[in-house]
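Visitor: Handing you this structure, nothing more for now.
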Amino acid sequence: AAGMEDNPSSSNTRRAARVFADSESTRDDLVRFFRVPPEKILVVYPAYDAQLYQPIRDAARIESVKAKYCLSGDYVLTIGTLHPRKNYVRLIEAVDKLRIANCELVIVGKRGWLSDSILERAQSPNHQSPTTILDYVPAADLPALVSGARLFAFPSLHEGFGLPILEAQACGTPVVCSMTSSLPEVAGDAALFFDPLDVDAIAGA
């Protein structure tokens with residue numbers, strides 16, 4: 001937090017009459033790094049789109065969406081922009097360790113900063129399990145894609161909230177996720193947690 005006193009955002013945040021945070025974890029970060037008085041901060045949780053994200057039980061609809069994205073077997077799904085904070089390289093390595101027959105890792109996310117190492121690892125010929133990166137997927141296709149997944153993995157190193165976890169839970173898909181920042185707060189008792197720095201722990205979950 002060195003130099004934070006000179007940061008205009010920090011100064012403006014401290015002057016605000018009320019500051020909204022999307023999780024208790026974010027609130028704690030605001031207190032720690034921006035020195036915002038905790039009594040000014042109100043935690044207001046985001047909500048998923050309950051009309052869109054529901055369990056899809058129609059097998060034909062799921063198979064149609066899978067065919068659209070050239071998916072044929074089982075898959076582990078994750079959603080989020082490709083950048084280091086999402087921890088995808090370790091997730092790829094963890095799925096490789098599982099060696100589940102006819103199962104691939106599917107990453108839905110556009111390229112972000114420092115994504116080259118993720119793409120290189122995903123395209124490595126040494127994979128035990130293939131990795132597919134789908135880039136952008138229209139919202140209308142996501143509930144079927146999530147519902148059709150064997151499980152939803154969210155290995156982020158840090159998140160202010162982590163809305164894809166709620167969306168996966170709303171579709172009835174099992175969730176495994178990091179035990180960092182806001183994620184235990186978001187997932188509650190409806191996920192299996194792991195240390196995101198430990199590939200074996202990710203594979204174990």
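Visitor: Of the residues in region 62-99, how many are part of a loop (DSSP other than H, G, I, E, B) and in contact (Cβ under 8 Å) with a residue 40 or more places away in the chain?
Guide: Number satisfying all stated conditions: 5.
Visitor: Against the condition outside any loop (DSSP other than H, G, I, E, B), modelled with pLDDT under 95 and either of a type outside the set (A, V, I, L, M) or more than 19 Å from residue 160 (Cα to Cα) (or both), how does residue 25 come out, does it pass?
Guide: Answer is no for this residue.
Visitor: Quick one: which residue in 147, 115, 124 is more than 15 Å from the chain's Cα centre (by Cα), surrounded by 15 or more Cβ atoms within 10 Å (Cβ to Cβ) and free of Cβ contacts under 8 Å to residues at least 60 places away in the same chain?
Guide: 115
Visitor: Right, here's the next one. Cβ contacts < 9 Å: first residue under 30 Å from residue 152 (Cα atoms), restricted to region 34-55; second residue part of a loop (DSSP other than H, G, I, E, B) and of a type in the set (Ser, Thr, Tyr), any location; separation 6+ or different chain. Result?
Guide: Final answer for the pair search is 43/23; 45/23; 46/23; 55/173.
Visitor: Under the condition of being more than 12 Å from the chain's Cα centre (by Cα) and farther than 23 Å from residue 51 by Cβ, which residue from region 150-178 is most open to solvent (accessible area, probe 1.4 Å)?
Guide: Ranking the candidates gives 150 first.
The values are calculated or read from the model by the stated rules, or taken from the named source; none is laboratory data. All values reported here derive from a predicted model rather than from experimental measurement. Here Cβ is always computed from backbone atoms with ideal geometry, including for glycine, and neighbour counts include all displayed protein chains. The area values use the complete protein model at the heavy-atom level, side chains included, leaving out ligands, DNA and RNA. Shrake-Rupley method; radii C 1.70, N 1.55, O 1.52, S 1.80 Å.
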